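Here is the structure we will look at.
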2 protein chains.
Amino acid sequence: MSIASTPEPPYTAVVFTSLRTEGDQGYARMAERMDLLAQEQPGYLGIEAARDAGGLGITVSYWVDDAAAAAWKQVAEHLVAQERGRDVWYADYRVRVATVTRAYGPTRS
Amino acid sequence: MSIASTPEPPYTAVVFTSLRTEGDQGYARMAERMDLLAQEQPGYLGIEAARDAGGLGITVSYWVDDAAAAAWKQVAEHLVAQERGRDVWYADYRVRVATVTRAYGPTRS
């Protein structure tokens with residue numbers, strides 16, 4: 001996983017912050033599958049993810065617009081993963097859908 | 001670090017994705033100090049951060065609006081940290097400023 005190459009704003013970011021339950025319970029396999037499935041969706045721009053030793057994880061997926069992000073939420077296999085996430089994998093989570101208005105990287109003089 | 005308690009949207013999210021260089025070099029101490037300093041700023045709503053074993057980190061700070069986020073970027077001690085970040089701590093990074101339009105958590109039926 002590395003820093004996503006995204007185009008000039010505006011575009012949509014979906015920030016998914018989560019706390020995992022104990023044990024894998026099929027999580028790693030699902031996460032890998034969802035990464036691949038997301039990449040196949042119309043309007044996908046990229047994904048970034050990090051999980052702390054403490055169990056807090058942040059995944060940010062980038063989309064051309066809100067409609068593309070909303071469509072990904074409704075993909076059948078993703079809906080199944082979301083339900084299992086609520087029931088088994090996540091002790092808690094928060095999803096925030098946002099419009100990126102500015103972006104920049106290092107600018108060394 | 002846990003999931004931030006944020007109000008109803010809209011509000012501003014600053015997504016900071018970074019790749020660390022090797023070694024601490026004063027990084028942990030600075031990160032802790034910046035967390036505390038951010039909390040003291042006007043318009044601060046919360047912060048979430050996770051760093052992978054692989055070195056990719058995502059920090060999301062939340063602000064009442066873009067002006068509050070922009071003001072935090074210009075705080076003198078933070079400017080010093082940003083410069084040291086570019087020069088020493090980060091191999092690469094990307095900052096994305098975004099307006100959160102929707103947010104939700106688990107809804108178990």
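The values are calculated or read from the model by the stated rules, or taken from the named source; none is laboratory data. On a predicted model such as this, the values are computed, not experimentally measured, just so you know. Note: ideal-geometry Cβ built from the backbone for every residue, glycine included; neighbour counts use all protein chains shown. Keep in mind that these areas ignore ligands, DNA and RNA; they rest on the heavy atoms of the full protein, side chains included. Shrake-Rupley method; radii C 1.70, N 1.55, O 1.52, S 1.80 Å.
Label point of B:Val88 (7 Å along Cα→beta-carbon): distances to the other copies' equivalent points are 4.6 nm, sorted ascending. Distances, shortest first, from the label point of A:Gly55 to those at the same position in the other copies read 2.9 nm; the point lies 7 Å along Cα to C-beta. Overall, the anisotropy analysis places the protein assembly as shown in the prolate class: the square-rooted eigenvalues a ≥ b ≥ c of its C-alpha gyration tensor yield a/c not less than 1.5, with a/b exceeding b/c. Using the Cβ-Cβ distance between B:Glu22 and A:Ala67 with R0 = 35 Å, the FRET efficiency computed as 1/(1 + (r/R0)^6) comes to roughly 0.25. Between 0 and 90 degrees, the angle of helix A:27-39 with respect to the longest Cα principal axis of chain A falls at about 40 degrees. Across the identical copies, the label point of A:Gln25 (7 Å from Cα in the Cβ direction) is separated from its matches by 4.1 nm, in order from shortest. Interface between chains A and B: roughly 3800 Å² of accessible area buried, both sides summed (probe 1.4 Å, protein heavy atoms only).
When you count the other C-beta atoms within 10 angstrom of each residue and take the mean per peptide, A:44-53, A:13-22, B:9-18, B:29-38 line up highest first as B:9-18, A:13-22, A:44-53, B:29-38. Per-residue shielding of B:45-58, expressed as the average number of other chain Cβ atoms within 10 Å of the residue Cβ, stands at 5. Our note on the geometry: Cα centres of the stretch A:50-67 and the stretch B:51-109, 13 Å apart. Carbon-plus-sulfur accessible fraction, chain A (probe radius 1.4 Å, protein heavy atoms only): 52%. For the stretch B:11-100, the calculated P(r), taken from all Cα-Cα distances in 10 Å bins from zero up to the bin holding the longest distance, is 17, 53, 28, 3 percent. Compute the signed sum of charges (Lys and Arg +1, Asp and Glu -1) over the other residues within less than 12 Å, Cβ to Cβ, of B:Ser2. So the environment of B:Ser2 carries a net charge of -2.
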